[in-house]
Structure formats: C-alpha cells, structure tokens
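Coordinate-derived values only; no laboratory data. Every value quoted in this text rests on a predicted model; they were computed, and no experiment measured them. All Cβ positions, glycine included, derive from the backbone under ideal geometry; neighbour counts span all protein chains shown.
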Amino acid sequence: MIAGTFISTERQARDAEDAIAELDRALSSEHVLKSIVEGLPQEVINGVRRSLATDRRERAHLLLAYQKARAGDFSILREQAGNDPGTFLIVARIIRKLSQKDLARKLGLREQAIQRWEAEKYRSISLSNYQKVAQTLGVRWQMSDIVPNDSQWSPLYDVTRDDLSKVLRHARDKGWLDAADTSDENAIATLVRYVGDHVNRYGTPSLLRTGLNAVDHSQDWSLLSWKAQVTRRAEVVIIHAKPRYRPINVSWLVDVARLSQFEDGPKRVRDLLLENGIVLVAEPQIPGMSVDGAAFLADDVPVIGLTLLRDTVDNFWFTLLHEIAHIILHYRTGLSAGFFDDVTSPEADEFEKEANRFAENLLIPEEIWVRSPARISKTAEPIEKLANQLKINPAIVFGRIRMERNDYSIFSNKIGRGTVRKQLLNQS
C-alpha cells in the first residue's frame, strides 16, 4: 500500500486490517509497546507513540474509504484520489466493481500489467494505452491537460539557460550522464528527461520544507535535478534489495547512534537502514543549493539523501538522525511531499523542531545531558567520558557543545573533519 494515497485492492485492504490490528496491540498494551521501544530515551518513545497513533488513524481512514466505495459510497475515495489522471483510473475501476484481474481480462492483458500500471499510478503508460484503459472504464478525460512527449506524459518547465548550464556542469562532473551525451544539447535533453520522468512518477511537491516557512520550490531546477538523481540511485537499490519499511518496527533505532563509535560507522549505518526498509544515498549538492539532507518517499520506500556538505562526523550523525526522525515521526504527515533540510538554519517550524528533539535525544538523551559536567567543560576529558558512557563517537558531543555555546572556534579538531565523504560518496 502506498503511504498517504488510497487503498485500491482487496489485498491492500487485508494488509491494512492486519497493520491496524498490530498497531492497536502496540498502543493498547504497555508490554507490547515496551518490547518495541525498549532502550530508547523517553522523548523518542513519546515521538514513536505519537507516530504509531497517526499511522493507525491514517490507515483506518484509507480502509474506511475503500470499504465505503465497495458499498457504493465513493465520496471519500474520490477525495483521496484527487484530480490526478492516473489515480482517477484506479478509482474508476473500483467504482465499476472490477478487480485488477477483471480489467486485465477486458483489455486482453495479463493481470501483472494492470498491477504494474496501478503501482506507478499509470505514470509510465503511453497515451494510447491510457486511452484504451479509460475507454474500457467509461472514463472521459480532457487529454489537453496532459502534455505528450514521445508518447509519455511530461511536465513543462520554465528553466533559464544559466540554470541548465549549472546543473549540466555538475552532472558531468559527478558522472550522472552516459558517455554518449557528448554535446550540450544531448546532455541537456537527457537531464530534462531525467527530471521529467521523476516528476511524472512521483509528482512535483508544490511546497518543499526548508525551514520556518514552506517555500514553493516546484520549479527549483537544481533541487528537482538533485532529488531526481538521488531517487534514480535509490531505485537501483530498491530493485535489487526490495526493502520493506514497517513503521511499527523501531527497535533498530537503539543501534544507530552506537554505530558512530566505529571508523566505518557511516557505511555500517547505511546497511542497517537498508535492512529496515530505508535507502540512504549520499549525493553532493549542486552549487547554489543549501541542503544538508532530505527525506522523502520513492513510492512507499523511505529515502534519505545526504549532500555531506559539511564533511564532519558530528554533522553527519545529527543530519542523518534528523532525517530518520522525519521518517519515523512524519511518515504519514509530510514524507510524501518530502523534507529538505539545512540543519544549520536558525529558523525551524514545528516539524523541524520535533525532528531536532528526536535526533538530539537519540544521540544524547536529555535526562543525561542536563546532569552531565560535559555541558560546561572546557577540557576534552569529561566530554570523551560522556561519549564512552553513551557508546557514541566523541565528535557528536563536541559538536553539540559547539552548537549550544554558539562558539565554533572551540574543539575544532575534535569533530572528525574529512572522514565521511570518502566512505559514502561514489559508492553504491
């Protein structure tokens, strides 16, 4: 089931019922909840509890819409589907009381073809095949609302030549393009296709959250190009590893910060995240961007993109935990639109503040931090002692002290400069 959209098959409905029952057990039993969150700081536990309650509520709403539609009331399902041409076809099938197998039979296709098209919300279908499906379902659609390009759907962009050239230089430098794209014209056409394919499949969020205010970046070519490249790399991992993210599974969080103790901690945590359904991709930012990290969905798989703009151990672990917080806390309340974060920004809305608190507590629990002499220490020994007690890299504690004191001249040799990029960049 795709997070945040709607239920369209009996199998998805059964999966939702099972998930709701599992969430009910966790939320109604302290014993069950404790087994899920054991070892986590209280602030993190509170956040997990809220996120599970939100997940339960949203799943129940999706299930109700499907059940009502099966009974003849399609109002909620139509609202959930919106005005997207692909999702409109899925709703039309449900309204006609057809299964995916029924529709495939009417079209003379295999059921798997309909399953694939619906999983992609008909993003990869040709216009001629779209028309065949629509005609079979009795749907009349204004095709003028769809811009054809090589028989695919493609958005229009208002991009300056300077923007294109900047992204092109970066794409060539970072190996985004094939060797055949030698001319600027061919290379730009490839980049436009990359972004067009990405937006066709995942949509263009009208608001990308970058701080206190949600700013319209739907035409930010650099950010869209970067996100498209991160997603392309994530899709390769998804095809091979087939990750499955389960919001109710958070026991692995205990191990995340502890991996920072190891020299190869960034690589180890990438593997741990993948084991738990999250894809981590390190991709340098395009000049002019101001993004440390991002969290968003590739279909229903959470993806974390890190630019490693600041190559230090403390920044890596805080940024990573901040993006993990968005996934844990906001899987149903913003992850589909995506979070794009400058973690050094003094401005933060409630979503960002919540993610900051989650990350800070997962690294250094507040109840320990407020009592520790490391907070006021001017020497390294108490700070390193606290890190050993918490089983985390000392650079994380040194980084927090520098941030809290707003003095970045202190302990500048203790934050692990130049140690992260070489582990994660240019590696699959």
Cα-Cα longer than 24 Å, checked against K34/K267; K378/K414; K121/K227, kept in input order, equals K34/K267
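Can you give the relative contact order of the stretch 205-424 as a percent, counting alpha carbon pairs under 8 Å and 6+ residues apart? Present the calculation step by step, with values, prior to reporting the outcome.
Details: 326 pairs, mean separation 51.4, N = 220.
For the stretch 205-424, the relative contact order is 23 percent.
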How far is helix 265-275 tilted off the main Cα axis of the chain, in degrees rounded to 10, range 0 to 90?
30 degrees
Between the Cα axis of helix 10-28 and the main Cα principal axis of the chain, the angle (0 to 90°, nearest 10) is 30 degrees
Return the single residue from S377, S99, S260 with maximal mean-square fluctuation; model: Gaussian network over the chain, springs between Cα atoms under 10 Å.
S377
Take the alpha carbon gyration tensor of the chain, find the square roots of its eigenvalues, order them as a ≥ b ≥ c, and report rounded if a/c is under 1.5; if not, report prolate when a/b exceeds b/c, else oblate.
oblate
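Can you put Y122, Y245, Y194 in order of Cβ neighbours within 10 angstrom, beginning with the fewest? Please report the intermediate quantities before stating the final value.
Values: Y122 23, Y245 17, Y194 20.
Fewest-to-most Cβ neighbours within 10 Å comes out as Y245, Y194, Y122.
What trypsin sites (Lys or Arg not before Pro) in the stretch 367-406 are in a loop by DSSP, with at most 15 other Cβ atoms within 10 Å of the Cβ?
Details: sites: R371, R375, K378, K385, K391, R400, R402, R405; in loops: R371, K378, K391, R405.
Within the stretch 367-406, the qualifying trypsin sites (Lys or Arg not before Pro) (loop, at most 15 other Cβ atoms within 10 Å) are R371, K378, K391, R405.
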Sum of -39500 (n - 2.57) over DSSP H runs of 4+, divided by residues of the chain (222 nm, nearest 500):
-17000 deg cm²/dmol
Please sort by residue number the GluC sites (Glu not before Pro) in the stretch 1-105 whose DSSP state is loop and whose Cβ has at most 15 other Cβ atoms within 10 Å.
E38
Please go through the stretch 219-294 and write out the trypsin sites (Lys or Arg not before Pro) that DSSP classes as loop and that have at most 16 other C-beta atoms within 10 Å.
R244
Expressed as an acute angle from 0 to 90° and rounded to the nearest 10, what is the orientation of the C-alpha long axis of helix 380-390 relative to the principal long axis of the chain?
50 degrees
Using a/c under 1.5 as the rounded threshold, could you call the stretch 308-389 rounded, prolate or oblate? The axes a ≥ b ≥ c are square roots of the C-alpha gyration tensor eigenvalues, and prolate needs a/b larger than b/c, oblate otherwise.
prolate
Relative contact order for the stretch 10-152 using alpha-carbon pairs under 8 Å, separation at least 6, rounded to a whole percent?
16 percent
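Can you tell me how the stretch 222-327 classifies by the Cα gyration tensor, rounded, prolate or oblate, using a/c under 1.5 as the rounded cut? Please report the intermediate quantities before stating the final value.
Numbers: a/c = 1.78, a/b = 1.11, b/c = 1.61.
Oblate, because a/c is 1.5 or more while a/b does not exceed b/c.
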Least to most buried among F296, F318, F351 (fewest other Cβ within 10 Å first):
F351, F318, F296
